Amino acid sequence: MKNTTKIILAIESSCDDTSCAVLANTKVLSNVTANQLIHKKYGGVVPELASRDHQKNIVPVVNEALTLAEVKLNELTAISVTKGPGLMGSLLVGISFAKSLALALSIPLIGVNHMQGHILAHFIDDANKTGAPHFPFICLTVSGGHTQLVLVKNYLDFEIIGETQDDAVGEAFDKAAKIIGLEYPGGPLIDKFARDGDFTKYKFAESKLEGLNYSFSGIKTSFLYFINKEVQKNENFINENLNDICASYQKHLVTVLLKNAEIAIKKYGIKYFAIAGGVSANSELRLQVKHLCERLNVNYYIPKFEYCTDNAAMIGITAYYKLLENKLSDFNLTPQVRLSVTEF
Ligand code: KG4
Ligand code: ZN
């Protein structure tokens, strides 16, 4: 490796996945994630259990990432870690570990905003088939906690141009999944069952908001009322129509997401459009983004699956651009439970 190459070890522990990646500049050498299955039986993430699992997982995950990357500790240029947004206890595990490692190795520490990480995942060497987006681009960031349209002017220059006023779209997926008896997180399961369903079968409410903002809590409530009403008429309604329910609901959420995306692309005269975050793994969203952008003659960027849901590689790539601008953290770095994509 050339001595100008920056070797960054990245840690992500903001929610329920413990992840570590090693990058050489923009190339991912390893990206290891331990998923916490313990939350499934509770139907959602239990913060205290999440932090305890991070504590158990962090050393083996970091060791495996270093081994797979064939990198030794003394070859690292910097240690990066998610500083927020996320769960306090979960963030604390990653941050404490990263601080100790950076201190022991006497190398820089770089705290990273998780939401910036989701967006900058597009700049990982092999993130997209079509290369990295050009600036300025619009990124639809869709995860368990966020639904935002972000105007990305440069690597570290973001402006929110629209966002949800209540639930995130990931929550709209997960809560609906829970209503029909699917395990947490239900988003991927709705996606799976929807593949064999008829998306034209059922219709759901739409919330109209000013400008480019979103609202998903009304849609979720209309789903709940719809299911309750149908189950009263036929107690086997869910089992008999699972695929069609999932397909119709998923189609509705994707249509709502992309309606504002289209308005934003036209309003800002943007030629590059990207999606990011856990829900960008959704197959219907990926398909409809392709159709929308082909119709509007806009270049589109859909990340590989492993860079959609939470992962440390996205933290490493963001740290790389911060390192280039000498935006380092000091050892007073503390978790920031709330942190906007525009904050550092
Ligand atoms: O970005 P992420 O891994 O964690 C957060 O930062 O929130 O996103 C998790 C969210 C969950 O709501 C999960 O159900 C959703 O992403 N998700 C999906 C799919 N894969 C993950 N939603 C719909 N379809 C999928 N294939
Ligand atoms: Zn995330």
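The values are calculated or read from the model by the stated rules, or taken from the named source; none is laboratory data. The structure presented is a predicted model; accordingly, all values stated were derived computationally and were not measured. Every residue, glycine as well, gets a Cβ built from its backbone with ideal geometry; the counts of neighbours run over all protein chains shown.
Within segment 235-249, is even one residue assigned by TED's automatic domain parsing to the domain that holds Gln165, of a type in the set (Gly, Ala, Ser) and over 27 Å from Leu296 (Cβ atoms)? No, every residue in segment 235-249 fails to be assigned by TED's automatic domain parsing to the domain that holds Gln165, of a type in the set (Gly, Ala, Ser) and over 27 Å from Leu296 (Cβ atoms). The condition of being over 30 Å from Asn57 (Cβ atoms) and outside the structural domain of Leu66 (by TED's automatic domain parsing) holds for only one of Leu333, Leu287, that being Leu287.
Taking the stated definitions as given, is Asp157 under 15 Å from Tyr214 (Cα atoms) and of a type in the set (Asp, Glu)? When the stated conditions are applied, Asp157 does not pass them. Annotation for segment 67-81: at least one member residue is within 16 Å of ligand 2 (Cβ to nearest atom) and more than 29 Å from Glu206 (Cα to Cα). From the list Val45, Val22, the lone residue that is touching a Ser or Thr at 6+ places or on another chain (Cβ under 9 Å), modelled with pLDDT of 95 or more and not aromatic (Phe, Trp, Tyr) is Val22.
Note on segment 22-117: enclosed strands (runs of 3 or more DSSP E) holding 1 or more residues that are more than 28 Å from Val279 (Cα to Cα) are 78-84, 109-113. Restricting segment 248-290 to residues that are within 16 Å of ligand 2 (Cβ to nearest atom) and part of a helix (DSSP H, G or I) leaves a set whose member that is farthest from Leu209 (Cα to Cα) is Ala281.
Here's the yes/no breakdown for (1) in contact with a strand residue (DSSP E or B) (Cβ under 9 Å, 6 or more places away or on another chain); (2) without any contact (Cβ under 8 Å) to a residue 60 or more places away in the chain; (3) within 14 Å of ligand 2 (Cβ to nearest atom):
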| site | (1), (2), (3) |
| --- | --- |
| Ser19 | yes, no, yes |
| Thr26 | no, no, no |
| Ala34 | yes, yes, no |
| Ile38 | no, yes, no |
| Asn63 | yes, yes, no |
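Of Val279, Val337, Val298, all but one fail to be hydrophobic (A, V, I, L, M, F, W, C), under 30 Å from Gln36 (Cα atoms) and surrounded by fewer than 24 Cβ atoms within 10 Å (Cβ to Cβ); the exception is Val337.
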